[in-house]
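Read the figures in this text as sums done on the coordinates, not as results from a lab. Everything numeric here is computed off the predicted structure, so don't read it as measured data. Because the Cβ atoms are built from the backbone with ideal geometry, glycine has one as well, and the counts that use them run over all protein chains shown.
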Amino acid sequence: MNDRPTGPGSAGERLLQSHLGTGDRAAAFYDRQVQPQLTPQMLEFIRRQTMVFLSTADAAGNCDTGFRAGPPGFVVALDARTLTYPEYRGNGVHAGNGNIVENPHLGMLFIDFTHHHIGLHVNGTAQVVGDTEQRRLYPLLPTDTAQSRKPALWVHLTVDEAYVQCSKYIPHLEPAPRPRSLTNRPKDGDYFVSPAPDRRRSEYQGSGHGLPARQHE
C-alpha cells in the first residue's frame, strides 16, 4: 500500500502521493531525512553558508520570495532549534518581514553551489525582533555581519523541521570577486521599469551649465 502513516507533510502532499503511487518512497524520506531539529551536520553546514533563499506568505496566502547574503555564519544558529539572521535598511517595503508579522511561517533554503552541491531546507515559525532587544537576549551575536552597517531588525526562527535538498539539479558555481558595474547598466530602481523622470531637467531648461533658463522680460 502507498498510504503512509501520520507524520510530516501536508494533506496535499499525501493526496498527490496516493494519486501517483509514491507513498512508500515518501514515507522512507520522511522517516530518515525530515528532522524535528537541526542535526550537528546541519548546524555545521549553516555556519559555512553565505546565502539563503526565503519564502513567506501573508495571512491570505499571497507569497513572497527573498534572498539574503553575508559572510559565512551570517545566519546564526543559536541552538539546534533556533536560527536568527540580521535585516538591514533597504527599500522600506518590508515585504517578507511584513508577511511574517501576519503569518509567522518561514521557509529557508540553503544551497552549497561550490563544494558539495547539496541543499538544506529549514522550515519553522518566525518573529521579527529589534536589534537592541535581540542583543539583550543574545549578547554574543556578531557585529560584523555587514561592513559598517548596523542591523535594523533580526528574524528569529524556531525550527519545526529540516531536511536535505538533493544535489541532482544544483549547478556548479565558482566564487569570484564581484566585477565593477558596467557603465551602461541601469540603476537598480530602473532595471525592470521605465526610468523615473529627471526632475532636474524639468526645473532647469535649456542651459548647458545646469542653471535655470534665463527669463526674458
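In nm, give the distance between the simple-model label positions of HIS172 and PHE113, each being 7 Å from the Cα along the Cα-to-Cβ direction.
Using points 7 Å along Cα→Cβ, the separation is 1.5 nm.
In a GNM of the chain with a 10 Å cut-off on Cα contacts, which of PHE192, PHE29, PHE74 has the highest mean-square fluctuation?
Taking springs between Cα atoms under 10 Å, the residue moving most is PHE192.
In degrees, nearest 10, range 0 to 90: what is the angle between the Cα axis of helix 23-33 and the longest Cα principal axis of the chain?
It works out to around 80 degrees.
For the chain, what does the helix formula give at 222 nm: sum of -39500 (n - 2.57) over DSSP H segments with n ≥ 4, over the residue count, nearest 500 deg cm²/dmol?
-6500 deg cm²/dmol
In a Gaussian network model over the chain where Cα atoms closer than 10 Å are linked, find which of LEU43, LEU137, LEU153 has the largest mean-square fluctuation.
It is LEU137.
Go ahead and set up a Gaussian network model of the chain, Cα springs under 10 Å, then flag whichever of PRO177, PRO104, PRO40 fluctuates most.
Comparing PRO177, PRO104, PRO40 in a Gaussian network model of the chain, the most mobile one is PRO177.
Could you tell me the distance between the Cα centroids of segment 179-193 and segment 65-138, to the nearest Å?
Measuring centre to centre over Cα atoms gives 27 Å.
Report the label-to-label distance for THR143 and HIS94 in nanometres (one decimal), using points 7 Å from each Cα along the Cα→Cβ vector.
Here the answer is 2.6 nm between the modelled labels.
If you take the beta carbon distance between ARG48 and LEU15 as r and set R0 to 41 Å, what does 1/(1 + (r/R0)^6) give as a FRET efficiency, to the nearest 0.05?
0.65
What does the charge add up to near GLY124, with Lys and Arg as +1, Asp and Glu as -1, over the other residues with Cβ less than 9 Å from its Cβ?
-1
Quick check: residue separation of ARG185 and ASP64 times 0.36 nm, minus the Cα distance between them. What number comes out in nm? Kindly include the intermediate steps, with their values, before the conclusion.
Working: separation 121, 0.36 × 121 = 43.56 nm, distance 2.62 nm.
Answer, rounded to one decimal: 40.9 nm.
Would you please give the FRET efficiency between GLN165 and SER194, computed as 1/(1 + (r/R0)^6) with r the Cβ-Cβ distance and R0 = 45 Å, to the nearest 0.05? Don't skip to the answer; put the middle values down first.
Numbers: r = 38 Å, r/R0 = 0.84.
Given R0 = 45 Å and the Cβ-Cβ separation, E is 0.75.
For the chain, max minus min Cα coordinate along each principal axis, in Å, sorted largest first?
For the chain, the Cα extents along the three principal axes come out at 92, 46, 38 Å.
Give me the net charge for the shell around GLY98: Cβ to Cβ below 14 angstrom, other residues only, Lys and Arg +1, Asp and Glu -1.
Values: positive: none; negative: ASP58, ASP64, GLU87, GLU102.
After counting each charged neighbour, the total is -4.
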